[in-house]
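Okay, handing you the structure first.
The values are calculated or read from the model by the stated rules, or taken from the named source; none is laboratory data. Worth saying up front: this structure is predicted, and the values here are computed from it rather than measured. For neighbour counting, all protein chains shown are included, and Cβ atoms are generated from backbone atoms with ideal geometry for every residue, glycine included.
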């Protein structure tokens, strides 16, 4: 492959890429808002157009929720088939949250190399980058079938993805849709541990969300007439949370919580050590004023990607207006989640937590909201080797194999239904601001990503990964 010509071609595509990314992020595909059906359909139509212009046959699969897009470029049974997964839905964003630019309007920074808008890095920018990588691979004669799975419900846990994927696998002879199958999947919805240090993920933490509600009366009452005798649900929940975990260190104090946690191997720790992680750069990238006390950069990285957590996301109750209203609230609710690692079972962890709560607050109501199991795959095999080769040739560095701290529900579904290895080739950086205000993506990662994906598809086509189901 002629690197100079490839990079010149990528440079020539910059304006077109930016224009298409701008069109995508302008559509507020907030999947947690059920009133966004029109926007979701508009995004599916635009994304389908992009796929067709790349030469794909596109099927829009209705799921009972928001649609799933399936695009296929080439269906030659003698060639290897690789599927690229991304999602096009986004987290909510309001200018009042602290955005420096309109959240649903692409805005360049002063250098012109960085774009700000909701969805630029999670995950519309990487999705478009992978599509352009596929286009470049086709232009350079790749001998492989390339398929795309683009969903619109990842940010709400992919509740209908399994149904949509099962329908795609089955096909629809009456509707002219052929059955869908693949030999491997590549996901580009992950984050490097640090800028300038490419990484390939091989694991995801699981997730279990729950609420704890406590109601001690029928209404808020005056603290001057009831204080001292009336129970205060906010105070009681605060005491419960303090008993559940050490907020300073993050250590969970629920008996049995760590019982099933798989130990990090020495080889994994060595891999984490090659990731270029720095607590100082991490804090700066996320605009954190301080971090929990961890002995080293390696310990901090392990805590982020390979250790379980318990986090409090919000406490609701009482008076929150200006000044002080001297009432004793009658109800409070805490919203929490745990990030889980192999071999923790979300259902078992929920039972441990519920028992812990009920022993201390028998009248509290503990409600399970949603769960995802942890995911862990081998780091070896021909598909990861192909990914590493593509990263080395593009970025000039050996990638670090690490785990991902977040969760992607669709990955578990694809592994179960497609029975194919899932490889992670992410492009986002910590400073890009996943789920945060002022989310952004940059041309350096986009252009490098186009080259990386183009090379990856050629590595697959050369046969180094053909025939293996053990990526």
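Quick check: anything in segment 165-173 surrounded by fewer than 20 Cβ atoms within 10 Å (Cβ to Cβ) and closer than 30 Å to residue 273 by Cβ?
The answer is no; no qualifying residue exists.
Further, regarding this structure: Counting only residues that are out of contact with any helix residue (DSSP H, G or I) (no Cβ under 7 Å at 6 or more places or on another chain), give me the strands (runs of 3 or more DSSP E) lying completely in segment 378-471 with at least 1 of them.
The strands (runs of 3 or more DSSP E) meeting that bar are 422-424, 440-442.
Does segment 184-197 hold any residues that are part of a strand (DSSP E or B), within 16 Å of residue 452 (Cα to Cα) and over 17 Å from the mean Cα position of the chain (by Cα), and which are they?
197
Another one. Mind counting the residues in segment 412-435 that are in contact with a strand residue (DSSP E or B) (Cβ under 7 Å, 6 or more places away or on another chain), surrounded by fewer than 21 Cβ atoms within 10 Å (Cβ to Cβ) and within 18 Å of residue 197 (Cβ to Cβ)?
2
For the structure I just gave you, tell me whether residue 146 is crowded, with 22+ Cβ neighbours inside 10 Å, touching a strand residue (DSSP E or B) at 6+ places or on another chain (Cβ under 7 Å), touching a residue at least 60 places away in the same chain (Cβ under 8 Å) and under 23 Å from residue 171 (Cβ atoms).
Against the criterion (crowded, with 22+ Cβ neighbours inside 10 Å, touching a strand residue (DSSP E or B) at 6+ places or on another chain (Cβ under 7 Å), touching a residue at least 60 places away in the same chain (Cβ under 8 Å) and under 23 Å from residue 171 (Cβ atoms)), residue 146 qualifies.
Sticking with this structure for a sec: Working only within segment 29-48, note down all residues that are touching a helix residue (DSSP H, G or I) at 6+ places or on another chain (Cβ under 8 Å) and either farther than 25 Å from residue 450 by Cα or part of a helix (DSSP H, G or I) (or both).
Within segment 29-48, 30, 31, 32, 43, 46, 47 meet the criteria.
Out of (1) in a loop (DSSP other than H, G, I, E, B); (2) modelled with pLDDT of 95 or more; (3) on the phi < 0 side of the Ramachandran plot; (4) assigned by TED's automatic domain parsing to the domain that holds residue 219, what's the single condition that is false for residue 320?
(2)
So for segment 313-325 (the condition being closer than 18 Å to residue 271 by Cβ, in contact with a helix residue (DSSP H, G or I) (Cβ under 8 Å, 6 or more places away or on another chain) and buried (at least 19 other Cβ atoms within 10 Å of the Cβ)), does at least one residue qualify?
For segment 313-325, residues closer than 18 Å to residue 271 by Cβ, in contact with a helix residue (DSSP H, G or I) (Cβ under 8 Å, 6 or more places away or on another chain) and buried (at least 19 other Cβ atoms within 10 Å of the Cβ): absent.
Scan segment 332-352 and give yes if some residue there is touching a helix residue (DSSP H, G or I) at 6+ places or on another chain (Cβ under 7 Å), at pLDDT 95 or above and loosely packed, with under 13 Cβ neighbours inside 10 Å, otherwise no.
no
Next question. Taking segment 188-199 only, how many residues are under 13 Å from residue 398 (Cα atoms) and surrounded by fewer than 22 Cβ atoms within 10 Å (Cβ to Cβ)?
2
How many of the residues making up segment 164-183 are in contact (Cβ under 8 Å) with a residue 24 or more places away in the chain and in a strand (DSSP E or B)?
So the answer is 1.
Within segment 198-291, considering only helices (runs of 4 or more DSSP H) that don't extend past its boundaries, which have at least 1 residues that are more than 30 Å from residue 452 (Cβ to Cβ) and either at pLDDT 95 or above or outside the structural domain of residue 390 (by TED's automatic domain parsing) (or both)?
Per the criteria, 223-226, 233-244.
Then there is this: Given the conditions (1) crowded, with 22+ Cβ neighbours inside 10 Å; (2) touching a strand residue (DSSP E or B) at 6+ places or on another chain (Cβ under 8 Å), which single one is not true for residue 394?
If we test residue 394 against (1) crowded, with 22+ Cβ neighbours inside 10 Å; (2) touching a strand residue (DSSP E or B) at 6+ places or on another chain (Cβ under 8 Å), just (2) comes out false.
Pairs, please: C-beta under 7 Å, at least 6 apart or cross-chain, first residue farther than 14 Å from residue 116 by Cα and in segment 18-43, second at pLDDT 95 or above and in a strand (DSSP E or B)?
Listed pairs, sorted by first residue: 29/90; 30/90; 36/30.
Okay, moving on. Consider residue 14 against the criteria (1) buried (at least 18 other Cβ atoms within 10 Å of the Cβ); (2) within 30 Å of residue 386 (Cα to Cα); (3) touching a residue at least 24 places away in the same chain (Cβ under 8 Å): it satisfies all of them except one. Which criterion is unmet?
The failed condition is (1).
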